[in-house]
Each structure stands twice: as structure tokens, then as C-alpha cells.
Amino acid sequence: MTLVDNLNTVRSQIATAAGAAGRNPSSIRLVAVSKTKPASLIEEAFRAGQTLFGENYVQELAAKAAEMRSPVEWHFIGHLQSNKVKYIAGLVTMIHSVDRLSLAAEIDRQWGRLGRCCDVLVQVNVSGEPTKSGTTRDEAVSLVREVSALPHLRVRGLMTMPPFFDDPDRARPYFRELRHLAREIDELALPGVSMGELSMGMSGDFAAAIAEGATLVRVGSAIFGGR
Ligand SMILES: *Cc1c(COP(=O)(O)O)cnc(C)c1O
């Protein structure tokens with residue numbers, strides 16, 4: 001299988017999962033997770049029509065972005081240290097992994113210096129696993145409230161990483177929980193907060209995430225191969 005074959009397979013699986021859930025496939029965006037993969041492969045995916053890429057590591061993203069010739073769109077999806085935000089300021093259109101106010105404040109400061117706004121998702125550790133990043137479910141509402149007060153950030157929704165299961169159906173309750181939490185937050189009608197985006201689902205479980213309402217699926221190895 002070539003990268004283009006993989007990409008087409010993932011696209012058709014997204015369409016099938018959307019159809020089964022009675023959803024329009026165009027309501028789901030594919031974030032091609034290109035961490036550890038060279039710029040040449042990202043160019044290849046771009047030629048096959050993939051314009052949105054997700055990266056986890058600041059230095060790697062900055063280096064690859066400088067190397068790319070095609071106008072790709074980047075999302076930052078990994079754990080982010082505040083002192084590194086400056087290296088991706090203005091480079092990414094969305095940060096999926098805001099899990100604490102201090103990080104949000106630094107994103108606000110860096111985007112503010114550019115006179116721009118950054119779209120962010122609040123990452124929630126729905127399962128409560130101690131090894132996972134993300135705010136707790138209980139603290140999510142207050143974090144969204146605090147982040148929404150920052151002038152250069154726009155909260156667009158929530159992101160989660162469920163525990164790993166061999167059977168993707170077992171991840172579904174965590175995806176569902178994120179959707180319910182987003183609805184609860186939406187009902188608060190906080191100024192400047194939208195809950196339109198749910199970033200959930202990876203190579204092994206994106207179909208299950210789509211069944212539960214994912215609007216952004218973050219797929220790496222199913223497109224680019226193993227790491
Ligand atoms: C690596 C990564 C992905 C993609 O994982 P695959 O299993 O390769 O699809 C998605 N989201 C996050 C946050 C990641 O770190």
C-alpha cells in the first residue's frame with residue numbers, strides 16, 4: 001500500500017462511518033498526523049489532496065514547516081510546554097491540547113504579540129488515567145471559562161485521548177462522555193466559546209469516534225505507516 005492508497009482507504013472509512021451515523025462526511029475533518037515523518041511524505045500527501053496535518057513536537061514542527069513548499073495547514077496536537085509556545089506562534093491554526101490556564105495564558109501572550117487569535121481545544125482526560133494529559137472532567141468547565149476570558153484565544157471545542165483498547169468499541173463510552181461534556185458546556189452559553197469541534201479518534205478507533213460525533217479525527221499510522 002502506498003501513502004495515497006492509505007489516504008484513500010482512510011477517507012472511505014470516514015465516509016462509511018459518517019454514513020452509518022447519519023452524518024455528512026464533510027462535517028468531519030481528517031488531521032493527518034505526520035509526527036516523525038519527513039517533509040517529503042507530507043508533500044506527497046498534499047499532492048493527494050490532504051491539506052491539514054497534525055504534529056506533536058515543537059522543534060520538529062518548526063523544522064518541517066520551514067522545509068515545506070506547499071501551503072499546508074498545521075494543528076498542534078501534543079503536550080505543549082509553555083516555554084515553547086513562541087516557536088509555533090502564528091504557525092498553527094489550532095492547538096488541540098490546552099489543559100491548563102498557564103499554557104493558555106502563554107498562547108494568548110504569543111498570539112497577542114502577532115495581533116492574531118488562536119483557535120484552541122481544551123483537552124480533557126475523560127478516563128482519569130494518571131499517565132494521560134488533559135484537565136479532569138470536573139475542572140473542564142472552569143478551565144473553559146477562564147480560557148474564554150483571554151482575548152487572543154477562541155475556544156472551539158474539546159479533545160480527548162481515551163485509554164488504548166484492542167476493541168475500538170470499548171473506547172466509545174469515553175468519546176460519548178466528551179460529547180456530553182461539550183453539550184453541557186455549550187448550554188452555559190459562555191461568551192466567545194463554541195463547542196462545535198470534538199477532536200477524538202486515531203488510527204485504531206476513528207470510526208467509533210465518528211459514531212460519537214467527532215469532527216476532527218487525528219490519524220497517523222493508518223496513513224503514514226508505523227513509527
Ligand atoms: C500520535 C498521535 C495521534 C495519531 O496516532 P495513530 O495511532 O498513529 O493514528 C493522534 N493524536 C495524538 C495526540 C497523537 O499523539
Sorted by chain and number, the residues with a modelled amide H under 5 Å from that of residue 97, at a separation of 5 or more or across chains, are 121
What is the Cα convex hull volume of the chain when expressed per residue in Å³?
120
Relative contact order for segment 133-227: what percent, with Cα pairs under 8 Å and sequence separation of 6 or more?
26
Which one, 85, 124, 147, has the greatest fluctuation when you compute a Gaussian network model over the chain with C-alpha springs under 10 angstrom?
85
With the full set of protein chains in place, find how many percent of the accessible area of the chain is carbon and sulfur; take the probe as 1.4 Å.
50
So how far apart, in nm, are the two label points at residue 166 and residue 67 if each is 7 Å from Cα heading toward Cβ?
3.6
With every protein chain left in place and a probe of 1.4 Å, what is the accessible surface of residue 127, to the nearest 10 Å²?
40
With θ set to phi - 60° and the Karplus curve 6.51 cos²θ - 1.76 cosθ + 1.60, what are the ³J(HN,Hα) couplings of segment 131-141 in order, to the nearest whole Hz, using x for Gly and Pro?
7, 9, 6, x, 6, 6, 4, 5, 8, 4, 5
Can you give the FRET efficiency to the nearest 0.05 for residue 116 and residue 21, using r as the Cβ-Cβ distance and R₀ = 35 Å?
0.50
Local electrostatic count, residue 70, Cβ distance below 9 Å [Lys/Arg +1, Asp/Glu -1]
+1
Karplus-derived 3J(HN,Hα) from phi for segment 167-175 (6.51 cos²θ - 1.76 cosθ + 1.60, θ = phi - 60°), whole Hz, x at Gly and Pro, runs 9, x, 4, 6, 7, 4, x, 6, 5
Please give the length that would be gained between residue 2 and residue 221 if that part of the chain were fully extended, namely 0.36 nm times their separation in residues minus their C-alpha to C-alpha distance (nm, one decimal).
77.6 nm
Leaving out ligands and nucleic acids, note down the accessible area per residue over the chain with a 1.4 angstrom probe, in whole Å².
45
Kindly write out, for segment 113-121 in residue order, the coupling ³J(HN,Hα) from the Karplus curve 6.51 cos²θ - 1.76 cosθ + 1.60 (θ = phi - 60°), rounded to whole Hz, with x marking Gly and Pro.
4, 8, x, 10, 10, 10, 6, 9, 10
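The values are calculated or read from the model by the stated rules, or taken from the named source; none is laboratory data. Values in this document were obtained by computation on a predicted structure and should not be read as measured data. Cβ atoms come from the backbone with ideal geometry, glycine included; neighbour counts cover every protein chain shown. With ligands, DNA and RNA removed, areas are computed over all heavy atoms of the protein, side chains included. Shrake-Rupley method; radii C 1.70, N 1.55, O 1.52, S 1.80 Å.
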